[in-house]
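The values are calculated or read from the model by the stated rules, or taken from the named source; none is laboratory data. Treat the numbers as computed from the prediction; the structure is a model and nothing was measured. Don't worry about glycine lacking a Cβ; one is built from the backbone with ideal geometry, like all the others, and counts go over all protein chains shown.
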Ligand SMILES: *Cc1c(COP(=O)(O)O)cnc(C)c1O
C-alpha cells in the first residue's frame, strides 16, 4: 500500500512586514509532510508510485540536478515503499549532502553530461531497455500523476482563502492547485511565483495539465537572478522571517514566494482584511546547499 500518514496544518502567522499591511497570512505546512519526501514532492510522487505498483514496475528511474529535492524524495520514498531507485544526475560527478542522503536510501546515481541529459527518453532506453521493472519518472516528477496528487492540497484545506500563492519550477504543483480550486468551485485567486527566470513561459507547461482555462497572475519579478540564484535581500528576508517565526524557508523556492507576498503587501496590492495562503512546498536542502550564503 502506497500511503503516507502526514500532518500539514494551515497555520496563521503574525509577521509584521506582511501582516501589518492588514492582511491575514496563512501557511500550509507541506514542509512537515516528511523530512526527505518533503512538501510537494510527496504529492507529486504518490500517484506515480501507485501507477508503478499497478503496472508491476518496482524500479523507479528518474532525473535531476545535483540539488534536486525530487531526486532525494524519490530515493527516500523508494526505500520506504520497496522500490529500487536510480537517478540520472545532470553534469559532472558531484558530491554533496543531498546526494549522500540519496545513496544512504539505496539509490544508484548515474552522472551524465548536460548534453546527454537533454534526451531523457534515450538515457532511459540505453540503460534500462531490458529492465521490465523500470518505471520512467520524469524530472521533477512532472506529469498528470503529479498534477493529480497536488489537487489534494486544495481538498485538504480547512477554510477558503482569498488568495493562494505557490512557487513553481516545472509548474505541475500549480496545475494541481488550479484544478483543485476549479473542482471545488472556489473563488480563490491563485498566484504563481516562478523560481526561475522567464517564468511567464511556465504558463505553456501548465496549460496542458489544466481541466479548464484559468486566469492567474504570474509574479515573475522575484527570481533573484534565476533558478538556484540568490541575492542578499532574499537571504536577509529569510533570516528575518525564520528568526521571528521558527519556520524555515529555502532560498530556491519558498523564500522567493513569501518575499513576493511581502513585497506585494507593502505596495498595497491586497484589499484590506483579505486572507493569503502560501503553500510551503518544503525544500530544506535548498538551505543546506547554500548555508555559506547565510
Ligand atoms: C520542486 C519544488 C517546487 C516546484 O514544484 P513544481 O511542481 O516543479 O513547480 C517548489 N518548491 C519546492 C520546495 C520544491 O522542492
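For residue 211, indicate whether it is farther than 28 Å from residue 12 by Cα, touching a strand residue (DSSP E or B) at 6+ places or on another chain (Cβ under 9 Å) and free of Cβ contacts under 8 Å to residues at least 40 places away in the same chain.
Here the answer is no, as residue 211 does not meet what is asked.
Any residue in the range 8-27 that is without any contact (Cβ under 8 Å) to a residue 40 or more places away in the chain, closer than 19 Å to residue 288 by Cα and in contact with a strand residue (DSSP E or B) (Cβ under 6 Å, 6 or more places away or on another chain)?
Checking the range 8-27: not a single residue is without any contact (Cβ under 8 Å) to a residue 40 or more places away in the chain, closer than 19 Å to residue 288 by Cα and in contact with a strand residue (DSSP E or B) (Cβ under 6 Å, 6 or more places away or on another chain).
Quick check, is residue 246 touching a residue at least 60 places away in the same chain (Cβ under 8 Å) and either in the same structural domain as residue 189 (by TED's automatic domain parsing) or surrounded by fewer than 15 Cβ atoms within 10 Å (Cβ to Cβ) (or both)?
Considered against the rule, which asks whether it is touching a residue at least 60 places away in the same chain (Cβ under 8 Å) and either in the same structural domain as residue 189 (by TED's automatic domain parsing) or surrounded by fewer than 15 Cβ atoms within 10 Å (Cβ to Cβ) (or both), residue 246 comes out as no.
Regarding residue 204, is this residue over 19 Å from the mean Cα position of the chain (by Cα) and away from the ligand (no atom under 12 Å from the Cβ)?
It is false that residue 204 is over 19 Å from the mean Cα position of the chain (by Cα) and away from the ligand (no atom under 12 Å from the Cβ).
Restricting to the range 215-224, name every residue that is more than 11 Å from residue 194 (Cβ to Cβ) and touching a strand residue (DSSP E or B) at 6+ places or on another chain (Cβ under 7 Å).
Of everything in the range 215-224, those that are more than 11 Å from residue 194 (Cβ to Cβ) and touching a strand residue (DSSP E or B) at 6+ places or on another chain (Cβ under 7 Å) turn out to be 216, 217.
With respect to residue 237, is the statement that it is within 15 Å of the ligand (Cβ to nearest atom) and either closer than 21 Å to residue 12 by Cβ or in the same structural domain as residue 286 (by TED's automatic domain parsing) (or both) true?
Considered against the rule, which asks whether it is within 15 Å of the ligand (Cβ to nearest atom) and either closer than 21 Å to residue 12 by Cβ or in the same structural domain as residue 286 (by TED's automatic domain parsing) (or both), residue 237 comes out as no.
Please pick out the residue among 74, 51, 85 that is over 24 Å from residue 253 (Cβ atoms) and within 21 Å of the chain's Cα centre (by Cα).
Values: 74 fails: over 24 Å from residue 253 (Cβ atoms); 85 fails: over 24 Å from residue 253 (Cβ atoms).
After ruling out the rest, the residue left standing is 51.
Just name the residue that is modelled with the highest pLDDT out of those in the range 226-242 that are within 22 Å of residue 200 (Cβ to Cβ) and in contact with a helix residue (DSSP H, G or I) (Cβ under 7 Å, 6 or more places away or on another chain).
Of everything passing the filter in the range 226-242, 234 is modelled with the highest pLDDT.
Does the range 283-294 contain any residue that is in contact (Cβ under 8 Å) with a residue 60 or more places away in the chain and touching a strand residue (DSSP E or B) at 6+ places or on another chain (Cβ under 9 Å)?
Checking the range 283-294: at least one residue is in contact (Cβ under 8 Å) with a residue 60 or more places away in the chain and touching a strand residue (DSSP E or B) at 6+ places or on another chain (Cβ under 9 Å).
Give me the pairs: first residue in the range 153-177 and farther than 17 Å from residue 261 by Cβ, second residue in a strand (DSSP E or B) and away from the ligand (no atom under 14 Å from the Cβ), beta-carbon distance under 7 Å, and six or more apart or on different chains, which are they?
Listed by first residue and then by second, the contacts come to 157/10; 158/10.
Inspect all residues belonging to the range 284-292 and state whether any of them is loosely packed, with under 15 Cβ neighbours inside 10 Å and away from the ligand (no atom under 16 Å from the Cβ).
Yes, because at least one residue in the range 284-292 is loosely packed, with under 15 Cβ neighbours inside 10 Å and away from the ligand (no atom under 16 Å from the Cβ).
Of the residues that make up the range 31-47, is at least one more than 13 Å from the chain's Cα centre (by Cα), farther than 23 Å from residue 238 by Cα, buried (at least 18 other Cβ atoms within 10 Å of the Cβ) and at pLDDT 95 or above?
There is at least one residue in the range 31-47 that is more than 13 Å from the chain's Cα centre (by Cα), farther than 23 Å from residue 238 by Cα, buried (at least 18 other Cβ atoms within 10 Å of the Cβ) and at pLDDT 95 or above.
Filter the range 7-18 for residues that are touching a helix residue (DSSP H, G or I) at 6+ places or on another chain (Cβ under 8 Å) and surrounded by 14 or more Cβ atoms within 10 Å (Cβ to Cβ); which is farthest from residue 44 (Cα to Cα)?
Residue satisfying both the conditions and the ranking: 17.
Of all strands (runs of 3 or more DSSP E) completely enclosed by the range 54-166, which ones contain at least 3 residues that are touching a helix residue (DSSP H, G or I) at 6+ places or on another chain (Cβ under 6 Å)?
59-64, 84-90, 134-136
Output the number of the condition that residue 212 fails; it satisfies all remaining conditions of (1) touching a helix residue (DSSP H, G or I) at 6+ places or on another chain (Cβ under 7 Å); (2) surrounded by 14 or more Cβ atoms within 10 Å (Cβ to Cβ).
That leaves (2) as the condition not met.
Which one of the conditions (1) outside any helix (DSSP H, G or I); (2) closer than 16 Å to residue 11 by Cα does residue 244 fail to meet, given that it meets all the rest?
(1)
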